[in-house]
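A quick write-up on the structure given underneath.
Bear in mind that the values in this text are calculations on the coordinates, not laboratory data. Keep in mind the model is a prediction, meaning the values are calculated, not measured. Glycine also receives a Cβ, built like all others from the backbone with ideal geometry; neighbour counts cover every protein chain displayed.
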Amino acid sequence: MKSKLLIAALAAVFVSGCTTDPYTGQQKVSNLAGGAALGALGGAALGSLAGGDDRRNALIGAGVGALAGGAIGGYMDQQEAQLRAQLQGTGVSVTRMGDKIILNMPSNITFDTDQSAVKPQFYDTLNSVALVLQKFNRSLVDVAGHTDSTGSDSYNLTLSQQRAQSVTSYLISQGNDPRRFFTQGFGESQPVADNSTEAGRAANRRVTIQISPLS
């Protein structure tokens, strides 16, 4: 019941907070609504930015400059625009939430059933993500794996972690700094749809990538 209420609350926040970008025609979630949505999710469903300070310090120590407050919006706008252009028609959705960008990768295009290895057919899509992340290297990247409720909790937790790690490893293998990444599996604990339907279960099987500015 708690999960269903969470989903309903989150949906209401998104609907009320969506605006249309006059330049791209794409829907965005306003800063206020995006913050409310992340708060409703407890900060976990889309990535917790765990170790954010450690990652920030490591990157700045390596010479990667942090973004000043006034530069963040434009930097994230450009990154969002390039991700939308690269990912159009791939099945990966791009959502803007304040200063964060969320990529949602449904498992049916990313993994075979009960497998954690990325499908070869999905490499081109991940290559596109990797290239944008390389260009916009002043971003922190949180990769989160999620499953439906079929199977045991422990199995789903392990599978979600392995899938998230597979995506992270691939993006790093394409030249991205591993210090930018945090990876976590949430199993079935963060549903975005009703697990009692096939469509709902399909929506819950996913990997999300949260991209946040280094500031």
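Around the amide H of PHE111, modelled in the peptide plane, lie the amide H atoms of LYS119, all under 5 Å away and 5 or more residues distant in sequence or on another chain. Dipole magnitude for the stretch 48-213: computed about the Cα centre from +1 point charges on Lys and Arg Cβ and -1 point charges on Asp and Glu Cβ, it is near 460 debye. Please state the shape class of the stretch 48-213: rounded when a/c is under 1.5, otherwise prolate if a/b exceeds b/c and oblate if not, all from the C-alpha gyration tensor. Since a/c reaches 1.5 and a/b is larger than b/c, the shape of the stretch 48-213 is classed as prolate.
In plain terms, the residue of VAL192, VAL167, VAL92 with the fewest other Cβ atoms within 10 Å comes first and the most crowded comes last, giving VAL192, VAL92, VAL167.
Sequence-distant contacts, meaning Cα pairs under 8 Å at least 6 residues apart, place the relative contact order of the stretch 98-215 at 40 percent. Listed values for the stretch 88-98 are Karplus-derived 3J(HN,Hα) couplings in whole Hz (6.51 cos²θ - 1.76 cosθ + 1.60, θ = phi - 60°), namely 4, x, 8, x, 8, 8, 10, 10, 9, 10, x, and x replaces Gly and Pro. Shown is the FRET efficiency for ALA58 and SER169, computed with R0 = 25 Å from the Cβ-Cβ distance and rounded to the nearest 0.05: 0.85. In this Cβ point-charge picture (+1 for Lys and Arg, -1 for Asp and Glu), the stretch 120-184 has a dipole of about 320 debye about its Cα centre.
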